[in-house]
1. Might you work out the accessible area of LEU141 for me, using a 1.4 Å probe with all protein chains in place, and round it to the nearest 10 Å²?
2. Express in Å², to the nearest 10, the accessible area of ASP121 obtained by rolling a 1.4 Å probe over the protein heavy atoms while all chains stay in place.
3. Around ASN128, which amide H atoms from residues at least 5 apart in sequence, or from another chain, sit under 5 Å from its own amide H, with H modelled in the peptide plane?
4. If amide hydrogens are placed 1.01 Å from N in the peptide plane, which non-local residues have theirs closer than 5 Å to the one on GLN74?
5. Cβ neighbours within 10 Å, averaged per peptide: list 23-29, 45-51 in order, most packed at the top.
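The values are calculated or read from the model by the stated rules, or taken from the named source; none is laboratory data. Please read all numbers here as calculations on a predicted model, not as lab measurements. Cβ placement follows ideal geometry from the backbone for every residue including glycine, while neighbour counts extend to all protein chains displayed. Note: accessible area is taken over every heavy atom of the protein model, side chains too, but ligands, DNA and RNA are not part of it. Shrake-Rupley method; radii C 1.70, N 1.55, O 1.52, S 1.80 Å.
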Amino acid sequence: MGQKHIEIQLPSGLWYIEPVLALLKQLAQQLGFCQQRIADIQLAIDEICGNAIEHGSEGDDTGIAISIDVNDHQLDIVVSDKGMQDRGDWLTTEKLKEIYQRRAPDRERGHGIYMVEQLSDEVKMEPNSFGGTDVRVSFNLPNR
């Protein structure tokens with residue numbers, strides 16, 4: 001199959017996520033994912049995009065970026081935001097540890113990261129060069 005790459009820029013509005021989810025559904029179907037796994041992919045990306053817009057976008061014109069890569073083994077999706085001016089470099093090692101410690105479903109907030117970890121094969125969060133956060137989520141391709 002080789003490497004395939006898609007880049008998407010979205011304005012900071014939750015209503016823009018739905019077309020991306022439709023694209024991912026179509027792509028995942030073509031890659032041979034079963035319906036349940038497609039629903040997992042859509043739910044995980046919906047949560048990550050929602051977080052990027054809510055917590056990492058300054059205003060409607062800030063936007064988020066979505067990068068989709070497919071290779072012979074997996075589907076990788078990176079959601080990037082530009083961060084908030086008043087939060088500075090918020091994703092420190094200590095903050096990342098706190099995010100993962102508070103991910104348990106018995107907490108009031110923080111279920112999103114926990115859920116994304118359960119639905120995907122790999123999740124990685126890291127600061128980006130824009131002052132925001134990149135969240136990379138990977139899904140192993142089904143055996144064909």
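1. Accessible area of LEU141: about 20 Å².
2. Its accessible surface works out to 80 Å², give or take rounding.
3. Residues meeting the amide H criterion: THR133, ASP134.
4. Hits under the 5 Å cutoff: LEU141.
5. My ranking of the peptides, most packed first, is 45-51, 23-29.
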